[in-house]
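The values are calculated or read from the model by the stated rules, or taken from the named source; none is laboratory data. Because the structure is a prediction, the values reported are computed rather than measured. Quick reminder, even Gly has a Cβ in these numbers, built from the backbone with ideal geometry, and neighbours come from all protein chains shown. These accessible areas exclude ligands, DNA and RNA; they are computed on the full protein's heavy atoms, side chains included. Shrake-Rupley method; radii C 1.70, N 1.55, O 1.52, S 1.80 Å.
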Amino acid sequence: MAEDLTVLGIESSCDDTAAAVVRGTDVLSSIVYGQTALHKDFGGVVPEIAARAHAEKLDHCVEEALARADVGLDQLDGIAVTAGPGLIGGVLSGVMCAKGLSAATGLPLIGVNHLAGHALTPRLTDQVAFPYLMLLVSGGHCQFLIVEAHDRYRRIGGTIDDAPGEAFDKTARILGLPQPGGPSVEKAARHGDPARFQMPRPLLNQQGCDMSFSGLKTAILRARDAVVADAGGLTIQDQADLSAGFQAAVTDLLTEKTRRALNIYLADGPAKKSFAIAGGVAANGPIRTSLQQLCIDHDAAFIAPPLALCTDNAAMIAYAGIAKLSDGDIDDLTLSARPRWPLDDQAAPMLGSGKKGAKA
Ligand code: KG4
Ligand code: ZN
C-alpha cells in the first residue's frame with residue numbers, strides 16, 4: 001500500500017539541491033540547499049555552476065535528509081529522483097547519485113517528472129481527490145493542468161513566452177528592486193497606485209487559457225525610461241506605482257485565464273471541484289486572494305500548499321515516486337536524464353516555456 005511506502009526523493013533540476021524522506025503522505029524530512037548566492041552576480045542561473053554545486057552537495061543533502069528523518073537506507077522502499085525536465089547537468093547529477101544508491105542497496109530506482117512532483121503536491125498536503133485543476137506558476141513555468149491520475153495530465157493552457165515569476169524578477173531588475181523580484185515587487189506595490197501606469201494585458205480577450213507575459217516587462221521598461229527622462233530618476237513612489245501597475249496586470253491575466261480553465265475543468269462534471277496552485281508566484285498575496293475569490297464564485301475548493309512545498313523541494317519528488325512505486329512503475333540503471341519532458345505529450349508544444357525552459 002502506498003501509505004506504507006518510504007521513499008527517498010532527490011531533486012537537482014535547477015538551482016536547489018534537495019533531498020527528502022516521505023512515508024505515505026508524511027514528510028519525515030525535507031532538506032533544500034539553495035544556490036542563490038552562487039548565481040547572484042550573473043543575473044540568472046548558470047547551468048555549469050549549478051551542476052557542479054549539485055554534484056558537491058547531493059551526498060550531504062541525502063545524508064542530512066536520512067538523519068533528520070531518522071531513517072536508514074535499509075528502511076527505504078525506493079529511491080525517487082527528478083529525471084527531467086530541467087537543466088541537463090543538474091538533472092544528471094541527481095540521476096547519477098540516485099543510481100549509485102540504488103546499485104549499492106538494491107532498492108528500486110524511480111525516475112520522476114519534476115512537473116508531476118509539483119502537480120501531485122496537493123495530494124501530499126491535502127489528499128485532494130482526482131481530477132483537480134492545477135495552476136503551476138513559478139519562475140520558469142506557467143501552465144494549467146487537469147490532473148486526472150498520478151500519471152495522467154491534460155495541459156489546457158500555459159504561457160507562450162515568459163513565466164510570471166520571471167516577469168516579476170525582470171520587473172524588479174528594471175526598477176532597481178532586490179532579487180528575487182516577486183517578494184520585492186509585491187512589497188513595493190503595497191504603497192503604489194495601480195492606475196498611474198496603465199499596463200497591457202496581452203491575450204486577455206483571446207480565447208483559451210494561453211498567456212503571455214513578455215510584453216509586460218517591455219511596458220515597464222518604457223514606463224521607467226519615460227519617468228527617468230522626465231525627472232532624472234525613480235522615486236520610491238514611482239517604484240511603488242510601477243510595481244502596483246505590473247502586479248495588477250499579472251493578477252488580471254492569471255485570474256481571467258483561471259476563470260476559463262475552471263470552466264473547461266467544471267464542464268467535465270468532477271465529483272469534487274478543486275483548484276490548486278503551486279510555484280513561487282503562488283506566494284503573492286493579491287494573486288492568491290483573487291484566485292481564492294474566483295474559487296468561491298465557482299463553488300470550488302481552493303488549495304494552496306505551504307510555500308516550502310510549493311517551491312522546488314524533494315518531498316514532492318519522493319511523493320510522486322511513491323505513487324509510481326505502488327503501481328510497480330519503476331526504472332532500472334538505464335534511466336536517462338531528460339531536459340524536456342512534457343507531462344501531457346498530446347498537448348501542442350508551446351512556443352516558449354519560460355526561463356530558458358528549465359525551471360518549473
Ligand atoms: O517555484 P520557485 O521557487 O522556483 C521556480 O521557479 O521553480 O519560484 C520562484 C519564482 C521567482 O521568480 C520569484 O520571483 C517568484 O517565484 N516569487 C513571487 C513571490 N515570491 C516568489 N512572485 C510574486 N510574488 C511573490 N510574493
Ligand atoms: Zn519547480
Roughly how far apart, in whole Å, are the Cα centres of region 159-206 and region 1-68?
29 Å
With every protein chain kept in the model, how would you rank GLU3, GLU186, GLU64 by accessible area, 1.4 Å probe, largest at the top?
GLU3, GLU64, GLU186
For LYS257, LYS187, LYS273, give me the order by solvent-accessible area with a 1.4 Å probe, most accessible first, ignoring ligands, DNA and RNA.
LYS187, LYS273, LYS257
Over the chain, with every protein chain in place, what whole percent of the accessible area is carbon and sulfur at 1.4 Å, could you tell me?
53 percent
Using +1 at the Cβ of each Lys and Arg and -1 at the Cβ of each Asp and Glu in the chain, identify which of LEU203, ALA18, ALA261 lies farthest towards the dipole's positive end.
LEU203
Could you give P(r) for the chain, binned at 10 Å from zero, as whole percent values over all Cα-Cα pairs?
6, 26, 32, 24, 10, 3, 0
Averaged per residue, what accessible surface does the chain expose to a 1.4 Å probe, in Å²?
41 Å²
Label point distance in nm, GLN179-GLU148, each placed 7 Å from Cα along Cα→Cβ
4.0 nm
Placing one equal point scatterer on each C-alpha of region 201-256 and summing with Debye, one gets log10 I(q)/I(0) at q = 0.21, 0.28, 0.31 Å⁻¹ equal to -0.78, -1.10, -1.24
Semi-axes of the equivalent ellipsoid of region 152-225: what are they in whole Å, largest first, if each equals the square root of 5 times a C-alpha gyration tensor eigenvalue?
24, 15, 11
